[in-house]
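Working notes, beginning with the structure itself.
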Amino acid sequence: MHPARAWRGRSQRYRLEGEICEGCGARLFPPRDICPECQRPARTPYPLSGRGEVYSYTVVYEPPAGYEEQAPYIVALIRLEEGPLVSAMLTDVGPEEVYIGMPVEMVTRVLHRQGEHGVIAYGYKFRPVLRRTVMLPSPSAPVTA
Amino acid sequence: MYENGHRIMKPSRPVGIVGYGAYVPRYRLPGVEISRLWTGGAEPPPVREKAVPGPDEDVVTMSIEAARNALARAGIAANRLRAVWVGSESHPYAVKPSATIVAEAIGATPHVQAGDWEFACKAGTEAMQAAIGFVGSGMADYAMAIGADTAQGRPGDALEYTAGAGGAAFILGPAEESLAILEGSLSYVTDTPDFWRRAHARYPEHGGRFTGEPAYFHHIVEAARQLMEALGTRPEDYTYAVFHQPNVKFPQKAAKMLGFRPEQIQTGLLVDEIGNTYAGSCLIGLTAILDEARPGDRILAVSFGSGAGSDAFSLVVTEAIRERRDRAPRTRDYIARRVVIDYATYARYRGKIVLDT
Amino acid sequence: MREVAIIGIGQTPVGEHWEKGLRELALEALEAAIRDAGVERLDALYIGNMLSGQVESQEHLGALVADFAGMHGVEAVKVEAACASGAAALRIGYAMVAGGLADFVAVVGVEKMTDASGEAITAALATAADAEYEAVHGMTFTALNALLMRRYMHEYGYRREDFAPFSINAHRNAVHNPCAMLRFPITAEAFASARMIADPITLLDASPVCDGAAAVILCPADQARAFQERPVRIRASAVATDTVALHDRRDPLWLEAVALSAYRAFQQAGVRPEDVDFFELHDAFTIMAALSLEASGFAPRGRGVAMALEGAIFRDGRLPIATMGGLKARGHPVGATGIYQVVEAVLQLRGQAGPNQIPNARLGMTQNIGGTGATVITHILEAMD
Ligand SMILES: [Zn+2]
């Protein structure tokens, strides 16, 4: 795959940059330049938060060429908190842990590598929202002598 | 500004850490699993387990997450960074910077210095020294230094037990905005070939016990001792100390040689849980300390990179730590996120099973 | 506008044609259709095909097939709309005859899939999706349908096994179709324990990869009787589109292009859903069959699976579907499928469907879907008295 293809979408791929419609305020991802809500131009870049929840998901056991090294993997539709649905892989999670409605957050990962020699394509995936460990005031914390 | 015979480095404009962030992947390979495979379980592993990156992770992806955490803590816009530097010995490309990808992903492009640093396990602190210089000289208000690695040891080699994965990002900025202010730093470098990897080799070579006294201990101890001497500080002045962690014993011994008590290095000593994260090692330890430190605490951080050299930093924590710490996941959150894998899964994730030739 | 009739049909068996390439398959179906129609000359040839460029490194199928068929100089073009390529080609042929630009037109759907490896064909089929925002994320066609199926089950409370009637019906009907690929019945137990491809979709929810070609000959309806005793009139031909990417739809479980295309077809034909005697729908996956029934107006929302469970889709039911095996069991040679559906509908309307004959079939509907519902083409066919 020519590197220009992934390159021209780097803002969307790397950091989930969408668009906002100046007309009606709809936030769009993927960028589509014409607002589907009001049909007016929507070309103002808008960074999506990357937070959302699983709308649906599946496990791919028979991957297409180029994705064998990650299979079996989970792909999902994510309902972003700004409204749009987005297709992406889930990562850092096993199929048995996923459920519809699971809160997820965007991370930037390797989408595919094209073998040992090709350009590495990075892009958004989603993972379960990182759990914060409970930090109790630690009595064992070292004190200055 | 030079002091003490040109040894200690202090920027003319006071500098500190305004934001920090860590990343550790979720998979863990227990040492006993490696020992089972290669020694029939006869050899006791040097660390309990090590962090292993998933198949979609590399130094770039780990750096991006650590960098996002650092930005969240700093509370500054990414386009205010004037440098994004990534130190690693496992950059995914031999030619093509990791730093441009990281800078683009966090939104720091295009008015930014971006480059990759290489100095074995001290590539990250090397970048940190440069960032201190950048901010200290007034050329930049903020500069980001990252140390991250997905290091590999040859299957069956002693290094395989410890070669882990993880990284940490630091944003250096003006002292008055910092959560930890730099008192000074000192570097100690000689040409000592204790560990190396040739340009096209997959796995590193090492000099066995030569990596110990003349390499690790000599450089760490000299850098730390001379920095404390120049600053007029003593081990008991430090609440915490963190050293490069190739295994559990080395940093423990270095601490003892310098006169630090085990409690002082406990918080930052993570190698038993995540392995040796190379360029990330000392820096992730430092993030774990900052996660727990209180205003006024003094921290000594000393890296070691084979080849060889050490960078020592003396830091004092400020009030700002209280509100910034919880703007991003803590290092312990990542360590607690733990999925144990077997050697076969590890071999697959790390590309040790050849799928195409 | 002139009325258009189908006066000839032809099809190759669907399956693994190791000994035949694209051109041989296309010619076999075309020759059969020409023989069936008994026409001497053709004014134009339209080829429906999706994957020839990817699998055979061969585009330009219009000229290629025309040349191979000895139709020197004839107008010939390939038409592509992913899995709806076959019906899209028919739509063009129909428009040519209806508009008076041509009198005798052949439409061939042809696909050669078995020359590619499994991974390659999976990647090739994924080109029907959005390459930049779906396929790049490792999305396969099966995966997209699995996302729909899981959400459908979640919203309406169905179990995986509830989709079994679609596949049981298709396999049962394929047994008596000499051109079908999977001519064996399956049981509910087999359905329940089939191998997972993309959870919750198993091998028995999905149509097989295969080769095949089918052809029809069109002419103005007022000339049809001169060639064919039992011509079939095209009462409606309607295309509608939707977003290529599933995630761009307001409601992924409502196939808007199906609804639009079916609505337009019913309007053109001046008929209502209950007037249709049978429905050759696009059951590439069981979930597609359910969603197609709902959006076409044959079942209320969320009741497509219930309709199947009630037995309405069987040969003796209210609305028989996949009467010759459907995509599931006849096979789904993607760009040819739309023409297979029409050939099978013509067999029903001529009363030539053998043991699968729907008694007194007068009005049949075919629906060919490209992608996950981005291009939907509905035809309504009627036996001419
Ligand atoms: Zn709008």
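The values are calculated or read from the model by the stated rules, or taken from the named source; none is laboratory data. Quick caveat, the model's predicted, so the values are computed rather than measured. Ideal geometry is used to build each Cβ from the backbone, glycine not excepted, and the neighbour counts take in all protein chains shown. Accessible surface areas use protein heavy atoms only, side chains included; no ligands, DNA or RNA. Shrake-Rupley method; radii C 1.70, N 1.55, O 1.52, S 1.80 Å.
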Which numbered condition C:Ala164 misses (of (1) open to solvent by 10 Å² or more (accessible area, probe 1.4 Å); (2) part of a helix (DSSP H, G or I); (3) in the same structural domain as C:Ala374 (by TED's automatic domain parsing)): (1)
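Just name the residue that is farthest from the chain's Cα centre (by Cα) out of those in region C:337-369 that are small (Gly, Ala, Ser) and under 23 Å from C:Asp211 (Cα atoms).
Of the residues in region C:337-369, the ones small (Gly, Ala, Ser) are C:338, C:345, C:351, C:353-354, C:361, C:364.
The next check asks that each one be under 23 Å from C:Asp211 (Cα atoms); those that pass are C:338, C:345, C:353.
Numbers: C:Gly338: 3, C:Ala345: 11, C:Ala353: 17 Å.
Checking each candidate, the answer is C:Ala353.
Residue by residue, here is whether (1) in contact with an Asp or Glu (Cβ under 6 Å, 6 or more places away or on another chain); (2) within 11 Å of chain A (Cβ to nearest Cβ); (3) open to solvent by 30 Å² or more (accessible area, probe 1.4 Å); (4) among the polar types (S, T, N, Q) holds:
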{"site": "B:Asp58", "(1), (2), (3), (4)": "no, yes, no, no"}
{"site": "B:Arg73", "(1), (2), (3), (4)": "no, no, no, no"}
{"site": "B:Asn79", "(1), (2), (3), (4)": "no, no, yes, yes"}
{"site": "B:Lys96", "(1), (2), (3), (4)": "no, yes, yes, no"}
{"site": "B:Ala103", "(1), (2), (3), (4)": "no, yes, no, no"}
{"site": "B:Pro110", "(1), (2), (3), (4)": "no, no, yes, no"}
{"site": "B:Gly124", "(1), (2), (3), (4)": "no, no, no, no"}
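Kindly indicate the residue of region A:22-52 that is small (Gly, Ala, Ser) and over 12 Å from A:Gly83 (Cβ atoms) and also modelled with the highest pLDDT among those meeting that condition. Don't jump to the end; show me each part of the working.
Narrowing region A:22-52 to residues small (Gly, Ala, Ser): A:23, A:25-26, A:42, A:49-50, A:52.
Still in the list and also over 12 Å from A:Gly83 (Cβ atoms): A:23, A:42, A:50.
Numbers: A:Gly23: 92, A:Ala42: 91, A:Gly50: 96.
Top of the filtered list is A:Gly50.
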Members of region A:1-40 that are away from every other protein chain (no Cβ under 13 Å), within 9 Å of the ligand (Cβ to nearest atom) and open to solvent by 50 Å² or more (accessible area, probe 1.4 Å): A:Glu22, A:Cys24, A:Gln39, A:Arg40
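Would you check which residues across region B:207-238 are in contact with a helix residue (DSSP H, G or I) (Cβ under 7 Å, 6 or more places away or on another chain) and either hydroxyl-bearing (Ser, Thr, Tyr) or surrounded by fewer than 24 Cβ atoms within 10 Å (Cβ to Cβ) (or both) and list them? Even if it seems obvious, please write down each step before you answer.
Here is the first cut: in region B:207-238, the ones in contact with a helix residue (DSSP H, G or I) (Cβ under 7 Å, 6 or more places away or on another chain) are B:216-217, B:220-221, B:224-225, B:234-235, B:238.
Selection gives B:Tyr216, B:Phe217, B:Val221, B:Arg225, B:Arg234, B:Pro235, B:Tyr238.
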Restricting region C:173-211 to residues that are open to solvent by less than 40 Å² (accessible area, probe 1.4 Å) and of a type in the set (Asp, Glu), the residue that is farthest from the other protein chains (Cβ to nearest Cβ): C:Asp211
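Just to confirm my filter: which strands (runs of 3 or more DSSP E) fall fully inside region B:67-162 and include at least 1 residues that are acidic (Asp, Glu)? Before you say what the answer is, go through the steps one by one.
Working: elements: B:81-87, B:113-117, B:142-150.
Strands (runs of 3 or more DSSP E) meeting the threshold: B:113-117, B:142-150.
Residues to consider are B:Arg294, B:Arg324, B:Arg337, B:Arg330; find the one that is more than 9 Å from chain A (Cβ to nearest Cβ) and touching a residue at least 12 places away in the same chain (Cβ under 8 Å). Lay out the reasoning, then the answer.
Details: B:Arg294 fails: more than 9 Å from chain A (Cβ to nearest Cβ); B:Arg337 fails: more than 9 Å from chain A (Cβ to nearest Cβ); B:Arg330 fails: more than 9 Å from chain A (Cβ to nearest Cβ).
From the options B:Arg294, B:Arg324, B:Arg337, B:Arg330, the qualifying one is B:Arg324.
Looking at C:Glu119, is it within 18 Å of C:Val39 (Cα to Cα), open to solvent by 30 Å² or more (accessible area, probe 1.4 Å) and either more than 14 Å from chain A (Cβ to nearest Cβ) or free of Cβ contacts under 8 Å to residues at least 60 places away in the same chain (or both)?
On the way: within 18 Å of C:Val39 (Cα to Cα): no; open to solvent by 30 Å² or more (accessible area, probe 1.4 Å): yes; either more than 14 Å from chain A (Cβ to nearest Cβ) or free of Cβ contacts under 8 Å to residues at least 60 places away in the same chain (or both): yes.
No, not satisfied.
Could you list, in sequence order, all residues of region C:129-140 that are open to solvent by less than 30 Å² (accessible area, probe 1.4 Å) and either free of Cβ contacts under 8 Å to residues at least 60 places away in the same chain or in contact with a strand residue (DSSP E or B) (Cβ under 6 Å, 6 or more places away or on another chain) (or both)? I'd like the intermediate steps shown before the answer.
So in region C:129-140, the residues open to solvent by less than 30 Å² (accessible area, probe 1.4 Å) come out as C:129, C:134-140.
Matches in region C:129-140: C:Glu134, C:Ala135, C:Val136, C:His137, C:Gly138, C:Met139, C:Thr140.
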Options A:Glu82, A:Glu105; residue that is in contact with a Lys or Arg (Cβ under 6 Å, 6 or more places away or on another chain), open to solvent by less than 50 Å² (accessible area, probe 1.4 Å) and within 16 Å of the ligand (Cβ to nearest atom): A:Glu82
Residues within region A:42-65 that are within 16 Å of the ligand (Cβ to nearest atom) and either open to solvent by 80 Å² or more (accessible area, probe 1.4 Å) or of a type in the set (Val, Ile, Thr) (or both), tallied: 3
Failed item in (1) assigned to a helix (DSSP H, G or I); (2) in contact with an Asp or Glu (Cβ under 6 Å, 6 or more places away or on another chain), with B:Ser187 passing the rest: (1)
Selection from region B:129-151 of residues that are open to solvent by 10 Å² or more (accessible area, probe 1.4 Å), farther than 17 Å from B:Leu315 by Cβ and touching a residue at least 60 places away in the same chain (Cβ under 8 Å): B:Ser137, B:Gly138, B:Asp141, B:Thr150
